[in-house]
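Here's the structure we're looking at; comments come further down.
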Amino acid sequence: MPFEQIGLSDPLVKGILATGYKAPTEIQARVIPSAIGGKDIIGCAQTGTGKTAAFVLPMLNRLSHEKHPKNKSPRALILTPTRELAVQIEKAIQGYGRYLDIKTLAIYGGVDIRGQIKKLRQGVDIIVATPGRLMDHMQRGNINFKCIEVLVLDEADRMFDMGFIKDVHKIVAVLPAKRQTMLFSATISKEIKALTKGILQSPVMIQIGHERNPADTVTQHIYPVDNGQKTDLLLHMLQNNHMYSVLIFSRTKHGADKICRRLDKAGVSSIAIHSNRTQKQRQRALDGFRAGKYQVMVATDIAARGIDVNAISHVINYDVPRYAEDYIHRIGRTGRAESTGDSITFVSREEQSYLFRIEKYIGKKFKPEKCEGFLYKASSMPTLKEPVKDKKQKYKGNRRRSGSKNTAASKTKEYSKKSESSNKDFTPKSSTNSKKKFKPSKFKSKTAKSDNKPYAARKKDSRKNVKPR
């Protein structure tokens, strides 16, 4: 079904076609008609299926048919967990709505707040914000929410993970009760279900694919390797395979910088992105990666949801994520917009438990692979072993004799006999071969006569014998 047939206005369709999109994805085709009808939406789909356009397009369509308020107050609010995602949504709104008279502003931390205040005073229609910086503006009285018609919570599960849920409740509490609310998430947990009951009214639930499964367009590979050879294996793959746009995930910021330095020394153009970088540095890194200036970008999980690059060919998990949900969001950076991609995960001995947790979560058993042409060390190819389900240790005793009953009662009798024998007074047996008999010593203590006295009396006698200095 083309965009012209799902109820969007002609200027909006013209802007969509100008961005290069010709037909909506599955989630867009199902969400947009219901959203245009004014219904509240709960959208659940894997990363990279087009959720952003699913709520941006009906929002632009609604606002384009209405007049601007006289006080220049915002009419729509989009909450998102990361700065990168806020910038990405702002650019999507500007691209789709290039032929519409609608102004948008991304509000996030890490930049000077005075520039945002200036633009708010000039008037905007749509605000895309992270909860923390939006709370700062609310406390300063910079934003008037009385004209809000549409509220969108994007990546709601990630906002829970990052601890923004309290701020979200505070923000929703000051919004008009009469509004349209849309919530989008890659996973729907119990906490998110509880959140939807309080802020949505008779929502339409739209789920694409299985909640815990990655997109079918991503081919997953597992390579067991020791920590000491991970970088060598990474360089071997980058230098001997056609990997033109690679996103590498590290568990820590220090690890991301370390990987980037090793790649630069080997002649591989790379850039690191994490929370220690300023917003300008992060945006410059993303723009350079999109433009092909860097072959590799190394990132942490904090930036996983904000990286929207359609041409990523490979995602490499240098470290196995501790949480299975992060694994899905990581590899969802490739295979986007119905294109194909590959994900590669390096697994050391210490990370096997994380891998088994991912397998259990997505319901898939991985087959370990060995990289051809790479020289593994003797101990650098760990074998993946299943975790022991029963943690109780088996009884390691002598084998049971034939005909004997190995019951709990017999074991308790055996242990009781041993304990009784161990508690008996130990009396050494005199040797039959020794002719000499033990005789008590004739030595008598000077205090032998007073040994039978009470303690108080002995203490008094001892004080008498003390000579004055």
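The values are calculated or read from the model by the stated rules, or taken from the named source; none is laboratory data. The shown structure was predicted, so the numbers you read here are calculated from the model rather than taken from an experiment. Reconstructed Cβ throughout: ideal geometry from the backbone, glycine too, with neighbour counts over all protein chains shown.
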Residue check, ASP226 out of contact with any strand residue (DSSP E or B) (no Cβ under 9 Å at 6 or more places or on another chain) and either among the polar types (S, T, N, Q) or surrounded by 15 or more Cβ atoms within 10 Å (Cβ to Cβ) (or both):
yes
Might you check whether a residue that is in contact with a Cys (Cβ under 9 Å, 6 or more places away or on another chain), assigned to a loop (DSSP other than H, G, I, E, B) and at pLDDT 95 or above occurs anywhere in the stretch 69-84?
yes
Only one of these conditions is not met by THR412: (1) in contact with a helix residue (DSSP H, G or I) (Cβ under 7 Å, 6 or more places away or on another chain); (2) of a type outside the set (Gly, Ala, Ser); (3) modelled with pLDDT under 55. Which number is it?
(1)
Which residue out of ILE113, ILE41, ILE126 is touching a His at 6+ places or on another chain (Cβ under 9 Å) and in the same structural domain as LEU12 (by TED's automatic domain parsing)?
ILE113
SER34 being among the polar types (S, T, N, Q) and outside any loop (DSSP other than H, G, I, E, B):
yes
Within the stretch 174-185, identify whether any single residue is surrounded by 15 or more Cβ atoms within 10 Å (Cβ to Cβ), touching a residue at least 60 places away in the same chain (Cβ under 8 Å) and more than 20 Å from ILE126 (Cα to Cα), and answer yes or no.
yes
For the stretch 342-379, the count of residues that are assigned to a loop (DSSP other than H, G, I, E, B), of a type in the set (Gly, Ala, Ser) and under 26 Å from MET243 (Cα atoms) equals 2
I'd like to know if the stretch 142-161 contains one or more residues that are of a type in the set (A, V, I, L, M), over 30 Å from ALA256 (Cα atoms), in contact (Cβ under 8 Å) with a residue 24 or more places away in the chain and assigned to a helix (DSSP H, G or I).
no
Within the stretch 1-15, work out how many residues are more than 12 Å from PRO58 (Cβ to Cβ), surrounded by 11 or more Cβ atoms within 10 Å (Cβ to Cβ) and at pLDDT 90 or above.
4
Mind checking which residues of the stretch 219-239 are more than 16 Å from GLY255 (Cβ to Cβ) and of a type in the set (Ser, Thr, Tyr)?
THR219, TYR223
Given the options PHE164, PHE145, name the one that is farther than 23 Å from PRO24 by Cα and either of a type in the set (A, V, I, L, M) or within 22 Å of the chain's Cα centre (by Cα) (or both).
PHE164
